[in-house]
1. So Y95 passes all but one of these: (1) under 30 Å from A26 (Cα atoms); (2) touching a Lys or Arg at 6+ places or on another chain (Cβ under 6 Å); (3) not charged (D, E, K, R). Which condition number does it fail?
2. Of all residues in region 1-57 being surrounded by 13 or more Cβ atoms within 10 Å (Cβ to Cβ) and of a type in the set (K, R), which is nearest to A136 (Cα to Cα)?
3. Checking the conditions here, which among E112, E101 is assigned to a loop (DSSP other than H, G, I, E, B), over 27 Å from G11 (Cβ atoms) and not β-branched (V, I, T)?
4. Take the residues in region 127-179 that are within 12 Å of the chain's Cα centre (by Cα) and among the aromatic types (F, W, Y), then tell me which one is farthest from K8 (Cα to Cα).
5. Would you pick out the residues in region 93-111 that are touching a residue at least 12 places away in the same chain (Cβ under 8 Å) and charged (D, E, K, R)?
6. When only residues in region 139-189 that are of a type in the set (D, E) and modelled with pLDDT of 95 or more count, which is farthest from M5 (Cα to Cα)?
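The values are calculated or read from the model by the stated rules, or taken from the named source; none is laboratory data. All values reported here derive from a predicted model rather than from experimental measurement. As a convention, Cβ positions derive from the backbone with ideal geometry for all residues, glycine included, and neighbour counts pool all protein chains shown.
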Amino acid sequence: MRARMALKYAGIATKIYEISLKDKPAHLLQVSPKGTVPVLVLPEGKVIDQSLEIMHWALHQQDQDGWLNADHVLTQALIAENDGSLKQALDKYKYAIRFPEHPAEVYKRQGELFLQKLESLLNISDFLLKDQPVLADIAIFPFVRQFTAVDSVWFESSEYLKLKAWLKRLVSSELFKQVMEKQTQHEFM
């Protein structure tokens, strides 16, 4: 989602291919042997197969609102924590049955450490680092959205007031709505 949002924001026309990871097309494995998504194949044939790298590439093509104009060190640290500890907690919380070492509540508490950090940042401005969305917001919010959706009743009744408002602003944005529109199915060549 974050790669698609950056590509759309930067005005880069793409063809989106929905991939079933249980039945990976041969062409996907040919261009990216690790077989994960997203994969961006540039016109000259270069392959970018990491969502954050796709975001950076797209923003270096066009960044009209200055998504890259935020504290670089803090941006990197927040995204690294999101992609590390929050993502690990999310995977275990969302699929707790696969991780029986602990109850789901333990994984939720692990993820909440990052949510608390975000709530603190959002006490300063409407978005994580500025008064407008920047790279950190777009790179992080899809994972926060997934995390909070595991138990939406809990989240809606939680005291994360700023985080709820932040998430609502991003989910109701035109950019997000456009990216979430159902894509026409393309044949993977």
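1. Only one criterion in (1) under 30 Å from A26 (Cα atoms); (2) touching a Lys or Arg at 6+ places or on another chain (Cβ under 6 Å); (3) not charged (D, E, K, R) is unmet by Y95, namely (2).
2. Of everything passing the filter in region 1-57, R2 is nearest to A136 (Cα to Cα).
3. The unique qualifying residue is E101.
4. Out of the qualifying residues, it is F147.
5. Result: K94, K108.
6. Among them, the one singled out is E159.
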